Structure formats: C-alpha cells, structure tokens
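A short worksheet on the structure shown next.
The values are calculated or read from the model by the stated rules, or taken from the named source; none is laboratory data. As the structure is a computational prediction, the values presented were derived from the model and not from experiment. With ideal geometry, Cβ positions are generated from the backbone for all residues, glycine too; neighbour counts draw on all protein chains shown.
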Amino acid sequence: MTRKRKRSKMLHSFLHDPPAMAGSLIIVVFLTAAVLAPWITPQNPYDLETLTFDNFLTPPIWKDGGQMPFLLGTDDQGRGLLSTIVYGCRTSLIVGFSVVLIAGTVGVLIGLFAGYYGRWLDAVTMRLADTMFSFSTTLLAILLLGVFKKTGMGTVIAAICIADWVRYARTMRGSVLEVKQEAYVLASRATGARDMRILFRHILPNAIPPVMVVVAVDLAVVIMLEATLSFLGVGVPITEPSLGMMIAIGKDYIYAGMWWMVVFPGAALVVLVVGINLFADWLREEFNPKIERTG
Amino acid sequence: MLTYILRRLLQGVIVLLAVSLICFVIFRYMGDPVLTLAGRYATQDQIQEVRKSLGLDQPTYVQYVKFLWNAAHGNFGKSYVSRVPALGLILERFPATFELATCAILISLVFGVGFGVLVALRPYAWHSRAIMAGSLGGISMPTFLTGILLIMIFAVYAGILPPFGRGKTVDVGFWRTGLLTVDGIRHLILPAITLSTYQLAVLLRLTRAGMREVMAEEYIKTAWAKGLSPITVIVKHALRNVLIPVVTMAGLQFGELIAFAIVTETIFQWPGMGNLLLTSIYETDQPVIVTYIMMAAVIIISINILVDIFYAVLNPKIRYD
C-alpha cells in the first residue's frame, strides 16, 4: 500500500470513530485556550497588580456572594479560578509537549542505535532502561526533584525527561529489531549503503509508528505527573500557575464546603487527560502494536 | 535454571551498587552535611572538627567504601532533624506502607482481573461499556485527585469514613498493625481504594485485551466443543494463560505503586515511609532520603527478580540465557 493510500485510510477510520474525534476536539479546545490565555481570561492571575485581597475566596457566580468577573470564584489570594485554570492548563501543555519532544527524541535515538548496533551498547542501555523503568517515572521524578531542591518549570521538565526517555527507547529498540530484518534493509545494506543512511532513511521511518502511540499515551501521563509533582510541592513554584498547585490549595478548604476550589481544576485536568487518552486509544487500534499501557 | 537465578541475583547486586553510588553522590555533594550539622554560625575550627568526625577529610573512594560498609550494616547515619538513626525511622514506618500497598494491590488484582474477564466475555453489553468508561476515568485521574474526591464524598459530605490517619493500631511484636481493629480497617478503606484505582484500570485493560485474544484461540473452541462448563473453560483454560502477563505487569509496576503510595500517604496523612520521605525532602534531611532510596531499591529489585523467576517457572518458552 502506498503511503498516500495508507493516510487516507487512517483519515477514514478517524472520521468513523466518534470517541477519537471527541478526544481531538478536546485537545484542540485546550490548546486554543492555552495559546490565547492572555486575551480570553478576565484576569491575569499571576500579575500581582491586578490582585486585590478584597475578593479572596469568593464562591462561583451563581452562588450568594459571587462576583463578576470571577465566574468560578476565587482562591485564597483573590485569583480567579477560571483564569488560573486556563493558565494552569497552559503550564500542563507546555510541560507535556516539551517532555514528549525532548525525551521522545533522545529516547528514539538511543533506541535506534541500541537496536541497530546491538552488542554492548544494547546491553548497557537496555539494562539501564529496564532498571529505570522498574523504578517508574513517577518515583524517579519525585526523587530527582527532591534532591535538586530547585523548583521551576524548566527543572520539572528536565527531571521528567531524565526519568521518562526509557519509555521511548524501549519501544523504539523493539521496533528496530523487527524492522532491521526486513528485506529492504538487507537489500540496502547489500548495495553498500552506509550505516547512517540505512538508519535514518530506511529504519527510522518504518520503526516509528509504535512510538507514535507511546507519544500520545505519554503526553497524558506527563500531564498527570506534572500536576502530581506540583501538588506534592516539588513541582512548579507557587508563583507559577499549575492545576496541581490549585488543587493542593483547594484541598485545605474542602472541610469548609468550598468544593469548587478542587472540583473545577480537577475537572479541567481530567477532561484534558481523557481527551488525550481517547485519541491514544484510537492510535493504538490503528497501529496495533503489542504494547501495554503502563505508567 | 539455577544459573538463570544466579545471573539475575548478580544483576540485582550490580544495580544496587549503582544506586548506592548515586546515593553517595547525593549525600556527599547535594547540600553540605557539615554546614547542616555544625550550624550556620559555626567557627572555622568547629567546621573542621565536624568534617573530621564525619570522615569527610578522607579521599572520596575511601568515603565511598565506608559508606557501603555502613550501608551493608544498616547504618545510614542519623537524621539531621530528629537525631535518631535514619534506618530505624524508616523501618518503624514500614508496616503502615506495607499494609496499605498490599491491600491496594489485592483490590486492583481482584477487581482488575474480574472486571477484565467480564468485559472480554460480553464486550457490547451495557455493563461492559460502563466498566470500560470507568477504566478510562481510572487511567485519566491522577491519584491525588482520586484521594481528595473520595475524602470529599465519604468523609466531608457523607461523614461515614475518617478522612485521615491510621486509626487504632495494635503492636504484634515489632509490627504495628491496623488490620486487627475495626477503627484501623475503617481508616484503611479510603487510602487503599485511592492507591488501587490507577493500577486497577491498567490491569483491567490488560486482562481484557489478553482474554479477547485467548478466547479466539483454537484450544478454547475445542474446550467448548468438548462440552466443558463455562467456568472450566473461562477460568481453567483461558484465564490461566492470561494471568501470566497480568501478574508480571503487576509485579513490574511495583515502583509505580511505591510512587503513588507517597502521594496517597500525603493526602491521608498516613504514617508510612512515603509521608516520611516528603517531609524529609522539605527539611533536606539527606540521611533519611538516602535510606528511603536504598530501601525502595532493595524492595523493587527483589520483587523484579521474584517476578522474573516466577515467569520463567510458569512459562517454559522463556530462554534462560
């Protein structure tokens, strides 16, 4: 099948899969909101000049005491929940896409070389990858950030990347092992093509599809991880917006009946992750590689 | 087989050595233990004194060997904050984490496998659709949010379960258990459910995929054709083959379980190792952090080796090289 026909077949299956379309719609809405955040939010919650302490802890607008423009109420610093959620999603998406891009590239390259050259390179990197994998991305990220003692979005991205590349390396390596036995690779080698040409012209494009599923699943995992780290207080600092941080603040007020401080940011996070997972489920069916979903 | 086990054990030891080296580096170069112990206003002489007493004036490799020697004897130094041996602090909190993690893993195995089979048998029934929607929620909801929502529903609004703590405990020898009192069990319910949710959803999806594949195999058709009862076919013929990868995955995800235990313990103020770790991170209590890392490494590596051996025993196809 030519590449073009393959693509139109994918589009066809996508258009006949309502959950996948719903998932992509969610992703597009969140991306748009995140990009346009400064223009669509009623308030920049992290601009100290717009904060006044007169209106802290107000309830949503439909309850007694609700105030415009704080549609969903405010937190303990007088930040509007709606605005903070939009800015928080922006942080989630920046961290998510940065990690997927950086850890993905590094992991794919390592997996490519390990799978192709084998021997000690393969043995060493895959032993390392197995070990790191068994510690789990979450545990490694918590420990790394705990030891770094330096908070900030950059640090969070770095820590997650260090913990997360193995996921890509393992999948890529497995895929490369299969592809490198294919006739066209053997033929190309027989014609005397150099290693780099074989690796990047023939193996890389054909070994990448299973990795695309990992990219989608991982985006969801990383977004949840960033929220978890910020919730625990080892993620982004309190001066930057984060859904996890919002929920950590709201947690102290649930006994006072202010459920909205947890439920609204929580709902935003879950909807975003569900959207990504719906899309990932469709990709998995499409490529149907035998990989499991793991954290 | 024996060589395989020995090889795995040797690999485990190598990994532990690597972890110990990393711990040593953390201990030695991240944050200055001398400054922490001597205090910010110590004189130069006092600093020298502390440096000498800690053995920090010796060459690095001597320090590392000493660190290893002490670690092998369970001596990781004293906590900077509470001034008692770090290992004791961690071990004291081990039973709480162990009971929480065990209950969580049991819940996720029983319900994950049970629901997975149910869904695989009747994929288009309404209950299957409901379960699958629930599992999508399960893998899309971070542990900390699950915990807070459960507290909100069952503790704050319904008021039927306690929101935090471990409740009444009983000492059985050195082991402090919460499983023998009604109060202890009531306190365990919410945290155990919280910790189990994510893994439950993962195992459910794995069981479902495996069952769907196996149920289409020829030998299952043969089993049906022989007129065996549905229970025999499903449990003895199909499920047994699906369980191998499922249990393996549950074992391999133990690191994840430990990580989510940190989150769960923080939310429910559960007096376990994870809670202690976070407090130590906030207080830069290096000895406790290092001890925790070494303990976690020992637990995870042991479980991995056990899973590998279990897998090799159950699956004759595996190569022992």
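Have a look at A:G111, A:G118, A:G152, A:G146 and point out the one that is under 19 Å from the mean Cα position of the chain (by Cα) and either within 11 Å of another protein chain (Cβ to nearest Cβ) or among the small types (G, A, S) (or both). Don't jump to the end; show me each part of the working.
On the way: A:G111 fails: under 19 Å from the mean Cα position of the chain (by Cα); A:G118 fails: under 19 Å from the mean Cα position of the chain (by Cα); A:G146 fails: under 19 Å from the mean Cα position of the chain (by Cα).
One residue alone meets the criteria, A:G152.
Do you know which residues across region A:235-256 are surrounded by fewer than 24 Cβ atoms within 10 Å (Cβ to Cβ), within 10 Å of chain B (Cβ to nearest Cβ) and hydrophobic (A, V, I, L, M, F, W, C)?
A:A248, A:I254, A:A256
Take A:V221 and tell me if it is part of a helix (DSSP H, G or I), in contact (Cβ under 8 Å) with a residue 60 or more places away in the chain and within 11 Å of chain B (Cβ to nearest Cβ). Break it down into steps so the answer makes sense when it comes.
Details: part of a helix (DSSP H, G or I): yes; in contact (Cβ under 8 Å) with a residue 60 or more places away in the chain: yes; within 11 Å of chain B (Cβ to nearest Cβ): yes.
Taking the combined requirement at face value, the residue satisfies it.
Only one of B:A201, B:A155, B:A216 is surrounded by fewer than 19 Cβ atoms within 10 Å (Cβ to Cβ), of a type in the set (A, V, I, L, M) and within 12 Å of another protein chain (Cβ to nearest Cβ). Can you tell me which? Spell out the reasoning first.
Values: B:A201 fails: surrounded by fewer than 19 Cβ atoms within 10 Å (Cβ to Cβ); B:A216 fails: within 12 Å of another protein chain (Cβ to nearest Cβ).
Being surrounded by fewer than 19 Cβ atoms within 10 Å (Cβ to Cβ), of a type in the set (A, V, I, L, M) and within 12 Å of another protein chain (Cβ to nearest Cβ) holds for just one of B:A201, B:A155, B:A216, which is B:A155.
What pairs can you find where one residue is in region A:265-288 and facing chain B (nearest Cβ under 7 Å) and touching a residue at least 40 places away in the same chain (Cβ under 8 Å), the other is among the β-branched types (V, I, T) and in a helix (DSSP H, G or I), and their Cβ atoms are less than 7 Å apart, with a gap of 6+ or different chains?
A:V273/A:I223; A:N277/B:I139
On the given criteria, is B:R83 among the charged types (D, E, K, R) and assigned to a loop (DSSP other than H, G, I, E, B)?
Details: among the charged types (D, E, K, R): yes; assigned to a loop (DSSP other than H, G, I, E, B): yes.
Yes: the conditions hold for B:R83.
One residue is enough: does region B:238-245 have a residue meeting the conditions under 28 Å from B:V117 (Cα atoms), away from chain A (no Cβ under 14 Å) and in contact with an Asp or Glu (Cβ under 9 Å, 6 or more places away or on another chain)? Write out each step before concluding.
The first filter runs over region B:238-245 and keeps only residues under 28 Å from B:V117 (Cα atoms), leaving B:238-245.
Now drop any that are not away from chain A (no Cβ under 14 Å), which leaves B:238-241, B:243.
Right, trim to in contact with an Asp or Glu (Cβ under 9 Å, 6 or more places away or on another chain) and you get B:238, B:241.
There is at least one residue in region B:238-245 that is under 28 Å from B:V117 (Cα atoms), away from chain A (no Cβ under 14 Å) and in contact with an Asp or Glu (Cβ under 9 Å, 6 or more places away or on another chain).
Return only the number of the condition from (1) within 27 Å of A:I142 (Cβ to Cβ); (2) in a helix (DSSP H, G or I) that B:V119 does not satisfy.
(1)
Could we say that B:N275 is within 10 Å of chain A (Cβ to nearest Cβ), at pLDDT 85 or above and either out of contact with any Pro (no Cβ under 9 Å at 6 or more places or on another chain) or over 30 Å from B:T3 (Cβ atoms) (or both) here?
Values: within 10 Å of chain A (Cβ to nearest Cβ): no; at pLDDT 85 or above: yes; either out of contact with any Pro (no Cβ under 9 Å at 6 or more places or on another chain) or over 30 Å from B:T3 (Cβ atoms) (or both): yes.
So B:N275 does not fit the description; no.
Would region A:202-216 turn up any residue that is more than 28 Å from the chain's Cα centre (by Cα), away from chain B (no Cβ under 14 Å) and within 28 Å of A:D281 (Cα to Cα)? Don't jump to the end; show me each part of the working.
So in region A:202-216, the residues more than 28 Å from the chain's Cα centre (by Cα) come out as A:202.
Now narrow it down to the ones that are away from chain B (no Cβ under 14 Å): A:202.
Cutting the leftovers down to within 28 Å of A:D281 (Cα to Cα) gives us A:202.
Within region A:202-216, one or more residues are more than 28 Å from the chain's Cα centre (by Cα), away from chain B (no Cβ under 14 Å) and within 28 Å of A:D281 (Cα to Cα).
Does B:G165 satisfy the condition of being under 22 Å from the mean Cα position of the chain (by Cα) and surrounded by fewer than 24 Cβ atoms within 10 Å (Cβ to Cβ)?
Working: under 22 Å from the mean Cα position of the chain (by Cα): yes; surrounded by fewer than 24 Cβ atoms within 10 Å (Cβ to Cβ): yes.
Spelling it out, B:G165 is indeed under 22 Å from the mean Cα position of the chain (by Cα) and surrounded by fewer than 24 Cβ atoms within 10 Å (Cβ to Cβ).
Against the condition in a helix (DSSP H, G or I), in contact (Cβ under 8 Å) with a residue 40 or more places away in the chain and more than 30 Å from A:A248 (Cα to Cα), how does B:L200 come out, does it pass? Steps first, answer last, please.
Values: in a helix (DSSP H, G or I): yes; in contact (Cβ under 8 Å) with a residue 40 or more places away in the chain: yes; more than 30 Å from A:A248 (Cα to Cα): no.
For B:L200, the condition - in a helix (DSSP H, G or I), in contact (Cβ under 8 Å) with a residue 40 or more places away in the chain and more than 30 Å from A:A248 (Cα to Cα) - is not met.
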